[in-house]
1. Taking the condition of being open to solvent by less than 50 Å² (accessible area, probe 1.4 Å), in a helix (DSSP H, G or I) and polar (S, T, N, Q), how many residues in the stretch 121-139 meet it?
2. Take residues that are acidic (Asp, Glu) and either surrounded by fewer than 19 Cβ atoms within 10 Å (Cβ to Cβ) or modelled with pLDDT under 95 (or both) and tell me which of the helices (runs of 4 or more DSSP H) falling wholly in the stretch 1-108 contain 1 or more.
3. Looking only at the stretch 535-559, how many residues end up being within 28 Å of Thr501 (Cβ to Cβ), of a type outside the set (A, V, I, L, M) and surrounded by fewer than 17 Cβ atoms within 10 Å (Cβ to Cβ)?
4. Where residues in the stretch 633-651 are of a type in the set (A, V, I, L, M, F, W, C) and modelled with pLDDT of 90 or more, which of them is surrounded by the most Cβ atoms within 10 Å (Cβ to Cβ)?
5. Which residue pairs have Cβ atoms closer than 8 Å, lie 6 or more positions apart in sequence or on different chains, and pair a first residue in the stretch 524-544 that is closer than 17 Å to Phe568 by Cα with a second residue that is surrounded by 15 or more Cβ atoms within 10 Å (Cβ to Cβ) and acidic (Asp, Glu)?
6. Could you list all residues from the stretch 570-580 that are of a type in the set (Gly, Ala, Ser) and surrounded by 23 or more Cβ atoms within 10 Å (Cβ to Cβ)?
7. Can you confirm whether the stretch 395-414 contains a residue that is open to solvent by less than 10 Å² (accessible area, probe 1.4 Å), closer than 30 Å to Gln466 by Cα and not aromatic (Phe, Trp, Tyr)?
8. For the stretch 415-441, which residues satisfy the criterion of being open to solvent by 20 Å² or more (accessible area, probe 1.4 Å) and touching a Cys at 6+ places or on another chain (Cβ under 7 Å)?
Amino acid sequence: EIRNSIQNQDFCLYYQPQMNLKTGEITAVEALIRWQHPQRGLLTPKDFIPFAEESDLICDLGDWVLKTACQQLAQWQQQGINEVRVAVNVSGRQFQQAEFVETIQQILAETEIPASALEVEITETTAAQNIDLTNWILKQLQQMGVSVALDDFGMGYSSLNAIKNFPLNTIKIDRNFIKDLSNSTIDSAIVNSIITLAQGLNLRVVAEGVETLQQLETLANIPLPSCSRGTPQEVQGYFISEPLATEDITNFLLNSSSNAINLPWQIKGFSEENSLLSVSSPPSENLNEFSNVGNSQLQQLLNQTRREQLVAQMTQQVHASLDLEEIFQVTVEEIRDFLKTDRVLLYRFDQDWNGRVVIESVADHWEALFDRQIDDPCFQIKSAPLYTNGRVLAIQDIEKSEMTPCYREMLRSFQVRANLVIPILNQNNLWGLLIAHHCRSSRSWHPTEVNLLKQLATQVGVAIHQAELYQQLQQANQKLEELAIKDGLTKIANRRWFDDTLDRQWHQLQREEKPLALILCDIDDFKPYNDYYGHQTGDQCLVQVAQALQSVVNRSDDLVARYGGEEFAIILPNTLGEKAMIVAERARKAVASLKIPHEKSSTAPYVTVSLGVGALIPSSENSRKELIRRADQALYAAKGWGRDRAINFFYQK
């Protein structure tokens, strides 16, 4: 039917717009294939794409979508609809074709649309099929000017590797994270982290599945770091528009004044000031006296070109690295060298406004303060509010400046004669202080020096926030990876993780010439149980049995997994069949001790399990399938001999 419909031109494209969250402009449309089936009516991709992917028909469909979308874009440009790109999904099989890049080149030439107007969307699974080929194809596309989007970002368990290893232009946040965005702190943290990380890497970010005003407002009010200036953030979903047929999307684009949507609301609190991290620091009272610094001295101390280079270098360092210790160390060393001063340090506050020196650069002959705990009981009351509001403290000579006696004495103990203190803010919260100490003599701090340190302190604050977000994203990624290997109901390992673990243990024990045992466990008469008590109670039963089986293994290498349905598996590395039988019997008793009522059981008035044990020493002469066959055959024997028992493969033979 698919083949015939391709020939009969029964397929068509719908388009769903993407909107710039800040300006309201329509920036792109995603081309979505539909099938006008002669008998079944309009079908969406989920109804037919899985069948097409089983054959080369998916390539024919993909090429048709690419060509049709580009032809439509060419028509729109003739109608005056410019500055809109079209995004096209590409299947794994189509993407891996040797002539894929050539096909795109040919389509662009035929339709005469600029390459920058086309965006190719691939999934992480597609990208990971052949990493070297993927990199080559993506680089070819980008050299042509075609942009590349990573679709369903966050749903794979190696998403961070994907944006690290592949040349990309856009990431599309999967709709599953947007669905509960307004109500879930976890989803909100993940989306916040993804957006900020993408913006920091100069990647366009598109949030899919925006269906409510609340979701849109939540996205609009996510604060972004200063490194994101100018990088677009876009949204797509039914709140903006459902996928539209060609005529409808054309009218939609034509009726949007300057491609901007006239929404019946205004994004609350969205402005350049609160969307970008900015630190406004009132000038210190001491700065006025700096105006008399001579030009020769200024030229000697601060070369404007070098100062700009230092700020650019630190900015690049912040954006290129997530290693805070490295960023901190480079910061204090470069500042001390630039200012030609004796000590530069970063001081971090703890919750009670005490703190310690977390990094420093100090010249010879002066005391090191690294890791020094500093307790200032007056700080929270007197100084913290001032520094939080951007206070800069510049002291030319501690012996002549007005200050509390205890503060002067503390500076004396650190051998300080003049100091410059700049607050470090992390999302408007006072994280710590950037401090320069001049120990050998008094010193006048020029306003350009103060401004330099303020700029660098801002970059340090960005680095701290960026590292925190990356850590959150790593934690979220770890959680996603755990979800990928755990059974959703029982929370023990799923079949995929069972297969991977068995394969890994097999190879390891084959090298070590040590035994590997496998126990297959099946709940007796589970179908009658499910039919009689209902599926919800059946699920509860599966959870309890899984917990009982998990309780009988205690080695870190042992694995309990849900093998399928009501069947479970236990992998026991370095275990002989006799010892595995002991574990199996413990498992049988653990389940029996639950006393889960089972009126339809053929063996007992409560839930029981049958277990089969197989064991062998892995070698090149046998295989994992043989181990599974042995355990399965033993399980079959246990079922045949009356259930509620454990059987060893050799014993049943």
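The values are calculated or read from the model by the stated rules, or taken from the named source; none is laboratory data. Note that this is a predicted model, so its numbers are computed, not measured. Note that each Cβ is placed from the backbone with ideal geometry, even for glycine, and that neighbours are counted across all protein chains shown. Just the protein is used for accessible areas: all its heavy atoms, side chains included, with ligands, DNA and RNA removed. Shrake-Rupley method; radii C 1.70, N 1.55, O 1.52, S 1.80 Å.
1. Of the residues in the stretch 121-139, 3 are open to solvent by less than 50 Å² (accessible area, probe 1.4 Å), in a helix (DSSP H, G or I) and polar (S, T, N, Q).
2. Details: elements: 2-8, 49-52, 57-78, 92-95.
Per the criteria, 57-78.
3. Within the stretch 535-559, the first condition is being within 28 Å of Thr501 (Cβ to Cβ), and the residues that meet it are 538-559.
Checking the rest, the ones that are also of a type outside the set (A, V, I, L, M) come to 538-541, 544, 547, 550-551, 554-558.
From what is left, the residues that are surrounded by fewer than 17 Cβ atoms within 10 Å (Cβ to Cβ) are 539-540, 544, 547, 551, 554-557.
Residues that pass the stated criteria total 9.
4. Ala634
5. Pairs found: Asp524/Asp644; Phe526/Glu566; Leu542/Glu566.
6. First pass over the stretch 570-580, keeping only residues of a type in the set (Gly, Ala, Ser): 577, 580.
Residue satisfying the conditions is Ala580 alone.
7. no
8. Across the stretch 415-441, the qualifying residues are Gln415, Arg417.
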